[in-house]
Every structure is written in C-alpha cells, then in structure tokens.
Amino acid sequence: MVSLPLDIALPPTQDDLPCDDGVPMETQRHKLQMDLLIETLQPWLAGRPDGYVGGNMFLYYSLAQVRNQDFMGPDMFAVVDVAKGERKSWVVWEEGKGPDVVVELLSSSTAQADKTSKKRLYEQQVRVPEYVWFDPFNPDDWAGFRLVGGRYEPLELNETGLLPSQQLGLGLGQWSGRYQGVEAVWLRWATASGQWLPTQQDLLDQERQRADQERQRADQERQRADQLAARLSAMGIDPNEAQ
C-alpha cells in the first residue's frame, strides 16, 4: 500500500507524489505490447519540438484523488503540446493538461474496470480526448473512443483498417508479426496512410540496408573503373594519362 506523507505542501509536485506501487505488469506479452507502443512513437515524437509518451506510471488529475490515495495510471499514454523531458508521474496541474491519448491493455483481472469505471474516469474527470483498449491475448477485443460533447463516441476503422487519432494525426491498427522474439497480433501505431511506425530494430535494419546499398554502388563504380582501365590498357593507352 502506497502511503502519502501528511506534511507535504498542496498542490504537490511530481517530486512529492508516489511514483511506484510495486505492482508489475501482468504478463510478458502485456509488457512487450506497452513497449511496442512507446518504442514506435518515440522516433515520431523526436521529429516534433514537443510531446511526451509514457506507460505504466501514475496519473494525477485531482487533489481529491491525492487525498484519497487513489493511485492509478494508464498502461500507455501520449501527450502533445507539452515540453519534452523526463517525468516521474504525470501531474495534470503541473503540466497544464492531461493525456491526449490513453491505451489500456486488457487482462482477465482488469477488463471489467477498463471498460467501465476507468472509461468513465477518462471521459468525465480526466477528459482524455481519445481512449483505446486492447486485449493482447484476444485481439478481437479492442475498441476506441473519442470525446465528443463531453461523452465518448466509438471510433470506426478507417479505409486502411486503423482507429484514427485526431490528436496525433496517426492511427492504431493490428499488426501480425514477431516483436522481441514473440509472434503475436500486436496493437501498433501507423501513419494516417497506413505505414507502420518503425521499431528500433526496423530502423537498424533500414540503416544496414542503406549501408549495403552504398557498398554495392561503390563496388559497381570500382568495377566500371577497372573495366574501363582494362579496355584502355588493351588499346595501349595508359589509364592514368587518359584521366
């Protein structure tokens, strides 16, 4: 049980508030799914002057929540139009806003709350513009919602099979593949046109491919130069003088 010191000044900052309750993620797949969502969004955020992405960390949205020691946090969340930098927790009154997108990963012990009480919390108190849930072991159980007029309305899949995020200008879709050695159906970020945002391994593979292509071009140039030199030599012309 996390206890809150009684002598802290109000409103407390992230340095005052508990940032760990000692409860781990439920399964390896849940942890990997959270990592995949965060990892692929980080390079996208790196191209912006603002923004933050986090997961499995506390979200503080009211002083009443602090007084009641009602500690909770999204499995994954993203925020734009905020300064970059490390956070211990997300404290709404410090940041000036709550998350723009929240993703909760369902499990047998959390699904009911994620679909009811947490959904109402994000809708009516934190006012999160977009909320998505996904079950890593049952990919058919996924849904997205957008805050419209103070109430969540279901998101429909677009023409590329994605749940569109107006807040980020991206989409969330299901990708079948191997991530960190685990073959599964994963929830993954994509561009609005349907291109998956790359993982760190994807970026390394792309860099390796570019390096291989550069080496191939260099080898081809050397081969052409050698062939030209051989032809000139056969004609009795010094290749060095021909240059």
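In nanometres, what is the gap between the two model label sites at ARG224 and ARG48, each 7 Å from Cα along Cα-to-Cβ?
With each label placed 7 Å out from Cα toward Cβ, I get 4.3 nm.
How would you order 142-152, 102-112 from highest to lowest mean count of nearby Cβ atoms within 10 Å?
Working: 142-152: 15.2, 102-112: 18.4.
In decreasing order of mean packing, 142-152, 102-112 become 102-112, 142-152.
Report, by chain and number, residues whose modeled amide H sits under 5 Å from the one on GLY73, excluding near sequence neighbours (fewer than 5 apart, same chain).
Distant-sequence amide H within range of GLY73: LEU59.
Would you kindly state how much longer the chain becomes between GLU159 and GLN216 on full extension, computed as 0.36 nm times their sequence separation minus their alpha carbon distance, in nm to one decimal? Spell out each step's value before the answer.
On the way: separation 57, 0.36 × 57 = 20.52 nm, distance 3.85 nm.
Once the chain is fully extended between GLU159 and GLN216, it gains 16.7 nm.
Just checking my list (i) 25, 21, 17; (ii) 33, 21, 16; (iii) 50, 21, 17 against semi-axes √(5λ) of the Cα gyration tensor in Å computed from this structure; which label fits?
Of the listed options (i) 25, 21, 17; (ii) 33, 21, 16; (iii) 50, 21, 17, (iii) comes from this structure.
For the chain, calculate the relative contact order in percent as a whole number, restricting contacts to Cα pairs under 8 Å that are 6 or more residues apart.
14 percent
On a 0 to 90° scale, report how tilted helix 28-46 is relative to the longest principal axis of the chain, with both axes built from alpha carbons and the result rounded to the nearest 10.
70 degrees
Just going by the charge dipole of the chain, with Lys and Arg at +1 and Asp and Glu at -1 on Cβ, which of ASN240, PRO164, ALA184 is farthest out on the positive end?
PRO164
With a point put 7 Å past each Cα toward its Cβ, work out how far ALA234 is from ASP141 in nm, to one decimal.
For the pair ALA234/ASP141, the computed spacing is 7.2 nm.
For the chain, find the longest principal axis of its Cα atoms and tell me its angle to the long axis of helix 200-234, 0 to 90°, nearest 10.
Approximately 10 degrees, to the nearest ten.
Give me the percent of DSSP beta bridges within segment 28-197 that run antiparallel, rounded to the nearest 5.
Values: 29 of 36 bridges.
Around 80 percent of the beta bridges assigned by DSSP in segment 28-197 are antiparallel ones.
Which of the aspartates and glutamates could a cross-linker bridge to LYS31, judged by Cα under 13 Å and excluding same-chain residues fewer than eight apart?
Answer for LYS31, where 13 Å is the Cα cut-off: GLU39, ASP75, GLU104, ASP135, listed by chain and number.
Check ASP81: other-chain or 5+ apart residues with amide H under 5 Å from its amide H, H built from backbone geometry?
GLY51
Dipole magnitude of the chain about its Cα centre, charges +1 at Lys/Arg Cβ and -1 at Asp/Glu Cβ only, in debye to the nearest 20?
So the dipole magnitude of the chain works out to roughly 280 debye.
Every read-out reported here was derived from the displayed coordinates using simple, explicitly stated rules and does not represent laboratory data. Source: prediction; values computed, not measured. Positions of Cβ are backbone-derived with ideal geometry, glycine not excepted, and every protein chain shown enters the neighbour counts.
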